[in-house]
Amino acid sequence: MTSHDWNELHLSEDPAIEFLQSIGYTFIPSDELDKKRASRKEVVLVKRLEKAIKKLNPWISDENLKKAAREITNVQAVSLMDANEKIHTALVHTISLEQDLGQGKKGQSVHFIDFEHPENNEFIVTRQFRVQGTKKSIFPDIIIFVNGIPLVVIECKSPTVQNPLEEAITQLHRYQESEDKFKGQGAPHLFCTAQILIGTCGQASMFAAIGTPHMQYAEWKIPFPLTLDDLQNKIGKIPSPQDVLLYGILQPSNLLDIVRNFIVYEVDSGRTIKKLARYQQFIAVNRTIDRIRTAKNPAKRGGVIWHTQGSGKSLTMLWVAVKLRRVMELENPTIVIVTDRIDLDVQISGTFERCGFPNPERAKSVAGLRNLLKARVGKTIMTTIQKFQEAADDIHPVLSEEKNLFVMVDEAHRTQYKSLAANMRQAMPDACFLGFTGTPIDKKDRSTLQTFGPYIHTYTIDQSVKDGATVPIYYESRLPDIRIEGETLDAIFDRVFKDYSAEDREQIKKKYATHEAIAGAPKRIELICLDIIDHFEKHIYPNGFKAQIVAVSRDTAVTYKETLDRLGAPESALIMSSGYNDPERLAKYHLSKEQQQNLIDRFKDMNKPLAILIVCDMLITDFDAPVEQVMYLDSPFKEHTLLQAIARVNRTSEGKDYGLVVDYWGVSRFLQDALSIFQPKDIEGIMLPKTDELPRLESRHRSAIRFFDKADKNNLEACMKILEPEDIRAEFDIAFKRFSQSMDMLLPDPSALPYAKDLKWLGKIRNAARARYRDARLDLSGCGEKVRNIIEEYIRAYGIDKLLEPVSIFSERFDEEIDKLTSADAKASEMEHAIRHEMSVRYDEDPVFYQSLREKLEKIIAERRQERIDAAMQLKLLQSVKDEMVNVHNAAEDMGMSESEFAFYNLLSNAGAGLCACPETPENNNRKIHRPRNNRIRKEGQPQRVAPTQVSEEQAAYGKDTDSRKELAGLILDSLEELAVIDWIHKEDVQREMRKKIKRHLRATGYKLNEIEPLTTKLIELARVRLGR
């Protein structure tokens, strides 16, 4: 066991198992569970599932019991996600099977899990549960079974390795075969039932659903319903992040709650995405339900949920609606979702429909709303608050006096508190009102809390950024001479039109008599557009992100569009409202809803060339486009509108570390005034000046460069030697990535240029270390495109191709590359790591052979460290290991075997036992040694290939020792080749027959029963590698 394996086991896996046992799980070793499995491909514990079904549905017949179990074990689906969704639906909503319970044959609901009473279910945790995959077996560290169904897969890593969570998440992706590069390396069918995936290393933990990209894995920071102090008291120590996540998600009642109420499948552009609640959503929803259930007065049931924009407010509303339906005492309530704009109404109703929420109905008119409210309970109604309008002198009629009526109001700080709010409450006097907002309630706004009640839960801007739910927003002011805010009209005019004659200036001044008018002056817009093009093409576009321009008026927006087109800017589109009496200049940009949506879809797609959206009165709030990184602001926003607008750039996306607001109006100069209505703690970290990044750049530069303080920076070998220990490489990699993030943000700003030389040099060292130590994690994929291009161009200019790609020891160029190195130490280091890499890549092809080489290698390295040999001798010994590895085919041929036979022979020789000294027979004495073979795979139906030297299985007597094992290896390989039809690794019946033949040969040669099973498994695994290509 390596030190990393030891650390993984003792610092992560063992503590996780112990913790799970302490909160109600029963640990059963995987070998015990294996005894009841039909095969290792079977992932559901069928006997336990059937027992649970019988317990929860005591009426069920044996025939229906088998049918119900098959709904989980043999789901018919077109994809992994489709299978997962179907199984989740069966678990949560039950299935219906026909059975006569005394009143004729009727459909009966079959329950797989008792969600209401967790204690009625079986919670099992096991470790190293072997699952036969498409080509090889996988061994997930921990699996949690509920009633025999694997619901949670946990991958543990040592906290001492480089990027442990990234490794754990990559392992989960490999097991799912979620990318083409992982095909054949996993067991996707395990994840048909898996509802939650967890990567953990003791000191950090993250979770997600199947199919979730790396960057969307999230932490769980509160062990709800406990506090951190409660959990510390419960377990008697300061809880680690692993403890917090395991309790918060896997405490049995929480796990069942999440599976039942906090999972949705949302269809986006034809692709289904599975989404799990984050901790703030889980807490907010449950606190809402708790307040509703425990309020002493029905009027006190409501309240406000403030979750900062971009953190999933629409889904929080959805999950509140889902749980309201589950509360038995509410008797299937009516739910009304109210927004103050049609586009928000469409957005939220779309979210509900895409997530499969049952039958949400949109009120298309005032009369339609009234009819829906007067109908029976149990509806979900989507509407805008404007539907509650009546003539000013009238009293709005009462539409419903039901108490189990729940009104969820989106962006509850806006128009809801004027006359329309009074009408809404008049129409539903006994309803419970729940307010949702993405911005904090301001200091002057007393009506919000009076209308809805006190805060139920808050999730601030600062929390969201720290959790990675959103990215931080920076701002910078540009072109100070033409900004509007805080300047007199004459001052702006004089700066914008300073090049014009006095007579022309007088005429122009009459035309542009207001701030808004002068803001739209073509001369000013042209200056801004030139700056936007320069900034966008240098700072944003290289990394693949996009932009939004916010104009002060529709007329100005048109000027922006025309000017960008004239100047040859990247592709842009104008989306704005339209009016019947618009002049031709505006009318030509009118778009239908379908045309607008098509442009929005193209903008959101990173692969489409539409790069810039120009807006003025649309898509400023509640527009979700992760690809948008920069907003060019030329409009006088403040207060709630400012917070909502700038949040367009805070959505997370791969490679996006920040959002940026470029201010041309001058809002940022008076940011404190613009946001003065909010409590300072509520808007902490809302927008940071981009200049704040410079001190951080300086600090990150120092952290990266310090690794080489004592080295000769002109000596590449000396610098690479510093990075030889894996833990040092891991620390350096983290420091380099942080430095490159800051550089990527600031480049090509002149303030970053003094650090560019060191960025290139560090990138060169890092790439050289990647090649030397065969460490794929040191590639440039984690760096922004700007930084990546700078480093790659520098390396090419430096003329060191070796820094780009390592050379394999099997390449004819390897010896040439070694000879180019100037010192024995450098040559030995290069050879050592080249050998290590090939061993790891080829290990499964001949485990015994490569394990023996690994032991030789470790002995050589140990002797060098103890200074028992010098570098020259180390190099000579490494050369012999390298030669042995490269010439493995010669070793096989010397024994009269192919490489495949040699690999099987090594396994049998390593097993040691068996091979009884049976009497020799003429047949075996005359049997020729197996010839090298090409391991062709036979098509099904094709006649078996009979080797001229083949010995029948009945001839069970073998010779002794080496020759006997050679004979046995050849015979086993022949038997397997005969059965190895195309795609055999996916065919259980073929594999069963292979195992039978192997066991028959092993029994005949005297292997003991307790030796045969593990050796057979190893031989089958080797066959997968050798014959499964």
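Reported count of residues in segment 192-216, each being closer than 21 Å to residue 17 by Cα and either in contact with a Phe, Trp or Tyr (Cβ under 8 Å, 6 or more places away or on another chain) or not assigned by TED's automatic domain parsing to the domain that holds residue 130 (or both), is 8.
Every test in (1) at pLDDT below 85; (2) in contact with a helix residue (DSSP H, G or I) (Cβ under 7 Å, 6 or more places away or on another chain); (3) closer than 24 Å to residue 635 by Cα is passed by residue 500 save one, and that test is (3). Residues in segment 619-650 that are assigned to a helix (DSSP H, G or I) and either of a type in the set (Lys, Arg) or out of contact with any Asp or Glu (no Cβ under 8 Å at 6 or more places or on another chain) (or both): 641, 642, 643, 645, 646, 647, 648.
A quick yes/no check of all residues on (1) touching a His at 6+ places or on another chain (Cβ under 8 Å); (2) closer than 22 Å to residue 621 by Cα; (3) of a type outside the set (A, V, I, L, M):
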position: 284; (1), (2), (3): yes, no, no
position: 290; (1), (2), (3): no, no, yes
position: 296; (1), (2), (3): no, no, yes
position: 299; (1), (2), (3): no, no, no
position: 302; (1), (2), (3): no, no, yes
position: 307; (1), (2), (3): yes, yes, yes
position: 311; (1), (2), (3): no, yes, yes
position: 315; (1), (2), (3): no, yes, no
position: 318; (1), (2), (3): no, yes, no
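Taking the criterion of being in contact with a Lys or Arg (Cβ under 6 Å, 6 or more places away or on another chain) and at pLDDT below 85, the residues of segment 676-728 that qualify are 677, 720.
What number of residues within segment 516-560 are within 15 Å of residue 663 (Cα to Cα) and among the aliphatic types (A, V, I, L, M)? Residues in segment 516-560 being within 15 Å of residue 663 (Cα to Cα) and among the aliphatic types (A, V, I, L, M): 12 in total. Within the option set 283, 258, being outside the structural domain of residue 120 (by TED's automatic domain parsing) and in contact (Cβ under 8 Å) with a residue 60 or more places away in the chain holds for one residue only, 283.
For segment 596-618, name all the residues that are assigned to a loop (DSSP other than H, G, I, E, B) and either over 27 Å from the mean Cα position of the chain (by Cα) or surrounded by fewer than 20 Cβ atoms within 10 Å (Cβ to Cβ) (or both). If the condition is that a residue be assigned to a loop (DSSP other than H, G, I, E, B) and either over 27 Å from the mean Cα position of the chain (by Cα) or surrounded by fewer than 20 Cβ atoms within 10 Å (Cβ to Cβ) (or both), then 605, 606, 607, 608, 609, 610, 616, 617, 618 are the ones that fit.
Here is a check on your reading of the model: is residue 700 farther than 30 Å from residue 821 by Cα and in the same structural domain as residue 742 (by TED's automatic domain parsing)? In short, yes. Tell me, please, whether a residue that is modelled with pLDDT of 95 or more and not in a helix (DSSP H, G or I) can be found in segment 279-295. Looking for residues that are modelled with pLDDT of 95 or more and not in a helix (DSSP H, G or I), one finds none in segment 279-295, hence no. Here residue 146 clears all of (1) over 30 Å from residue 184 (Cβ atoms); (2) surrounded by 13 or more Cβ atoms within 10 Å (Cβ to Cβ); (3) in contact with a Leu (Cβ under 8 Å, 6 or more places away or on another chain) except the condition numbered (1).
Restricting to segment 584-635, name every residue that is of a type in the set (Gly, Ala, Ser) and closer than 22 Å to residue 270 by Cα. Selection gives 625 alone.
Exactly one residue out of 745, 720 is touching a residue at least 60 places away in the same chain (Cβ under 8 Å), in a helix (DSSP H, G or I) and in contact with a His (Cβ under 9 Å, 6 or more places away or on another chain), and it is 745. The condition (being surrounded by 12 or more Cβ atoms within 10 Å (Cβ to Cβ), more than 30 Å from residue 266 (Cα to Cα) and assigned by TED's automatic domain parsing to the domain that holds residue 187) is satisfied by just one residue among 85, 63, 42, 13: 13. Only one of the listed residues (487, 506) is in a loop (DSSP other than H, G, I, E, B) and modelled with pLDDT under 80. That residue is 487. Could you list, in sequence order, the residues of segment 869-888 that are over 30 Å from residue 1016 (Cα atoms) and in a helix (DSSP H, G or I)? The answer is 871, 872, 873, 874, 875, 876, 877, 878, 879, 880, 882, 883. Counting only helices (runs of 4 or more DSSP H) wholly contained in segment 889-994, the ones carrying 3 or more residues that are modelled with pLDDT of 80 or more and acidic (Asp, Glu) occupy 961-979.
The values are calculated or read from the model by the stated rules, or taken from the named source; none is laboratory data. What you see is a predicted model; the values in this text were computed from it and never measured. Reconstructed Cβ throughout: ideal geometry from the backbone, glycine too, with neighbour counts over all protein chains shown.
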